[in-house]
Amino acid sequence: MVYFCDDVINIIYNGKLIRQSLKSINRGLVVNRNMFMEDLIYILKKEKIKNKLFGDKIYIVKDAYFMESDLYYLENIFIDLGFIKVVFLDIEDYFMDDYTYVGIFKDYMIFYLNKPVILDLYYFKDFPKLIDYFIDYYKKYVILFGSNNNIPNISSNRIGVYYVDNYQNYIPDSLLKVKKYGA
């Protein structure tokens, strides 16, 4: 399984998490196809993962802000790498129903509402104010996760804001627990 965030590819293989920062990824999206393919082939060789061992299928976690063109782009990259089938898993399948999740990463923030809202942290820096701004669209509580180190310091006087203990690895750790998908 593969999960992208920030400039990082997370590969879950044989019960192990392989995490690599790549210049070909930005804000969870592949921005340079050729460089990404070279980087991934290098990682697969370095980690002694052969495509046939990895499987004919590859599972990719689809973030809520991915557009159809992003999915098509990723699918073509992985098919060109030799995978027969690319299966996209919805990131929201890893969320509990009664909570609203907010992903806060190094330089962007995603509110997982009915329609996702993605904000650039270059412009938006006041996390509590941002949390309060969308209060009318939340479920019972707000759960924070992501790679941003400020997550434990974020709170709101208007709604319960919590973060998962392993907030920086929430999605990769959740993927490690999934057995039914194989790789």
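The values are calculated or read from the model by the stated rules, or taken from the named source; none is laboratory data. Treat the numbers as computed from the prediction; the structure is a model and nothing was measured. Every residue, glycine among them, receives a Cβ derived from its backbone with ideal geometry; neighbour counts consider all protein chains shown. When the accessible area is computed, the model is the full protein with side chains, heavy atoms only, and any ligands, DNA or RNA have been set aside. Shrake-Rupley method; radii C 1.70, N 1.55, O 1.52, S 1.80 Å.
Quick notes on this structure:
- For the pair E68 and L121, the difference between a 0.36 nm per residue extended length and the Cα-Cα distance amounts to 16.6 nm.
- For the stretch 32-125, the square roots a ≥ b ≥ c of the C-alpha gyration tensor eigenvalues yield an a/c of 1.5 or more together with a/b exceeding b/c, which makes the shape prolate.
- Note on the stretch 76-130: Lys pairs 8 or more places apart or on different chains, Cα atoms under 24 Å apart, count 5.
- Separation between Cα centres of the stretch 132-168 and the stretch 2-27, rounded to whole Å: 24
- The trypsin sites (Lys or Arg not before Pro) of the stretch 7-110 meeting both criteria, a DSSP state outside H, G, I, E and B (loop) and at most 15 other C-beta atoms within 10 angstrom of the site's C-beta, are K23, K48, K50, K106.
- Shape category assigned to the stretch 1-53 from the gyration tensor of Cα positions, a/c cut at 1.5: oblate
- Convex hull volume per residue for the chain, taking Cα atoms only, in Å³: 116
- Exposed chymotrypsin sites (Phe, Trp or Tyr not before Pro) absent: longest stretch of the chain, with sites in DSSP loops and at most 10 other Cβ within 10 Å deemed exposed: 1-121
- MRE, 222 nm, helices only [DSSP H, n ≥ 4, -39500 (n - 2.57), over the chain, to nearest 500]: -7000 deg cm²/dmol
- Expressed to the nearest 5 percent, the antiparallel share of DSSP beta bridges inside the chain is 55 percent.
- When a 1.4 Å probe is rolled over the protein heavy atoms, the share of accessible surface on the chain that falls to carbon and sulfur comes to 49 percent.
- Rounded accessible area per residue of the chain, 1.4 Å, Å²: 56
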